[in-house]
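To start, the structure itself, in structure tokens.
The values are calculated or read from the model by the stated rules, or taken from the named source; none is laboratory data. Computed from a predicted model, the values in this text were never measured in an experiment. Glycine also receives a Cβ, built like all others from the backbone with ideal geometry; neighbour counts cover every protein chain displayed.
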């Protein structure tokens, strides 16, 4: 993992594989810290329509290009305005995104057991979660990238509550809401 958290109030980025709970935990963390929440997948969907449709119509390469641009712009804004940002699971495959994540003092890698990730991802109808073997291979390919960018690693398995995960992030990143 990359360095240690700085301890000052600032933006927090959440990374991790599909189904890790980045959006759910991100919303709870933003509420706790009284910060805006930005979900980069939601931004892409606002601009381009559903991600599933984008994958089907234009392919993964087109999606990744759009994702890179949206995520880098969002992280650039997060340098100036405190917020909680949830990145899509594959965003870290872009070298530009990995470089931009270095701008933030706290990048949290949310993890969970692979079966929990797969179950959550298939419930959500994710395009890359159609086949469990491919899903596992993709996770294995990306784990080193999550580790490269993360300053903190937090487990978000099925036995953990969102509040417990949020508490751990707040403690690990040294952040708390303004009075």
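Just to verify a result, which residue in the stretch 103-117, among those that are part of a helix (DSSP H, G or I) and in contact (Cβ under 8 Å) with a residue 12 or more places away in the chain, is surrounded by the most Cβ atoms within 10 Å (Cβ to Cβ)?
117
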(request) State all residues of the stretch 72-89 that are assigned to a loop (DSSP other than H, G, I, E, B) and under 9 Å from the mean Cα position of the chain (by Cα); if no residue qualifies, say none. (result) 87, 88, 89
(request) Would you check if there is a residue in the stretch 147-157 being touching a helix residue (DSSP H, G or I) at 6+ places or on another chain (Cβ under 7 Å), part of a helix (DSSP H, G or I), surrounded by 13 or more Cβ atoms within 10 Å (Cβ to Cβ) and modelled with pLDDT of 95 or more? (result) yes
(request) Identify all residues within the stretch 62-92 that are more than 22 Å from residue 121 (Cβ to Cβ) and touching a residue at least 40 places away in the same chain (Cβ under 8 Å); write none if there are none. (result) 75, 78, 79, 81, 82, 83
(request) Considering each of 64, 80, 53 in turn, give the residue that is modelled with pLDDT under 95 and within 17 Å of residue 10 (Cα to Cα). (result) 80
(request) State whether the residues of the stretch 21-44 include one that is assigned to a loop (DSSP other than H, G, I, E, B), at pLDDT 95 or above, within 10 Å of the chain's Cα centre (by Cα) and within 21 Å of residue 169 (Cα to Cα). (result) yes
(request) Scan 20, 100 and give me the residue that is in contact with a strand residue (DSSP E or B) (Cβ under 7 Å, 6 or more places away or on another chain), under 19 Å from residue 148 (Cβ atoms) and either surrounded by 20 or more Cβ atoms within 10 Å (Cβ to Cβ) or touching a residue at least 24 places away in the same chain (Cβ under 8 Å) (or both). (result) 20
(message) The conditions are (1) over 19 Å from residue 151 (Cβ atoms); (2) modelled with pLDDT under 95, and residue 69 fails exactly one of them. Which is it?
(response) (2)
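Filter the stretch 120-139 for residues that are surrounded by 15 or more Cβ atoms within 10 Å (Cβ to Cβ) and either in a helix (DSSP H, G or I) or modelled with pLDDT of 75 or more (or both) and give the result.
120, 121, 122, 127, 128, 129, 135, 138, 139
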